[in-house]
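The values are calculated or read from the model by the stated rules, or taken from the named source; none is laboratory data. It should be emphasised that the depicted structure is a prediction, and the values quoted were computed from it without experimental measurement. Cβ sites come from the backbone with ideal geometry, for glycine too, and all protein chains shown count toward neighbours.
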Amino acid sequence: MKPDIAFRTDIEHLINTFYDKVQADPVIGYIFNDVARVDWPKHLPVMYNFWEFLLLGGAHYQGNPIQKHIDLHAVHPLTAEHFDRWLLLFQTTVDELFAGPVADDAKFRAFVISETWKPKFTGGHGIGLPKK
């Protein structure tokens, strides 16, 4: 049986595994690697704090994630396909590693982020939640 997400170390494992997939992904990897040129040692701790804040009530996240994506979109337009792929990778990574109410919450929050942000950038919605 898979554990649920319960500790900061679980968040770090999830985020590291997810972003390993993102970097290698043929649909969105180039955005992170070549367009945004993400500084991974700097970015990953911010993501740990963000997801710990959302899922476990952590108090260390500070930032304005939407503005960073607006700035990125100005350089390279983000599409519905990009958001859908991000969501699919995130949700499948959660399912591979964890099971339980917090894992379900992580998948739901990723869905909400994707579906809330997507129309701001693309003017429309994509495929939504993958079927189980």
Condition check for Leu44: within 12 Å of the chain's Cα centre (by Cα) and either among the basic types (Lys, Arg) or closer than 16 Å to Pro65 by Cβ (or both): yes
Members of region 1-37 that are without any contact (Cβ under 8 Å) to a residue 24 or more places away in the chain and in a loop (DSSP other than H, G, I, E, B): Pro26, Arg37
Qualifying residue in region 55-68 (condition: surrounded by 13 or more Cβ atoms within 10 Å (Cβ to Cβ), modelled with pLDDT of 95 or more and farther than 17 Å from Phe121 by Cα): yes
Identity of the residue in region 38-61, in contact (Cβ under 8 Å) with a residue 12 or more places away in the chain and assigned to a loop (DSSP other than H, G, I, E, B), that ends up nearest to Gly100 (Cα to Cα): Gly58
Those residues of region 93-119 which are touching a residue at least 40 places away in the same chain (Cβ under 8 Å) and small (Gly, Ala, Ser), in sequence order: Ala99, Gly100, Ala103, Ala106
Positions within region 98-118 being polar (S, T, N, Q) and either under 14 Å from Ile31 (Cβ atoms) or surrounded by fewer than 21 Cβ atoms within 10 Å (Cβ to Cβ) (or both), in sequence order: Thr116
Failed criterion for Asp71 (all others in (1) surrounded by 14 or more Cβ atoms within 10 Å (Cβ to Cβ); (2) part of a helix (DSSP H, G or I) hold): (1)
Test: residue in region 83-97 that is of a type in the set (Lys, Arg), surrounded by 16 or more Cβ atoms within 10 Å (Cβ to Cβ) and assigned to a helix (DSSP H, G or I): yes
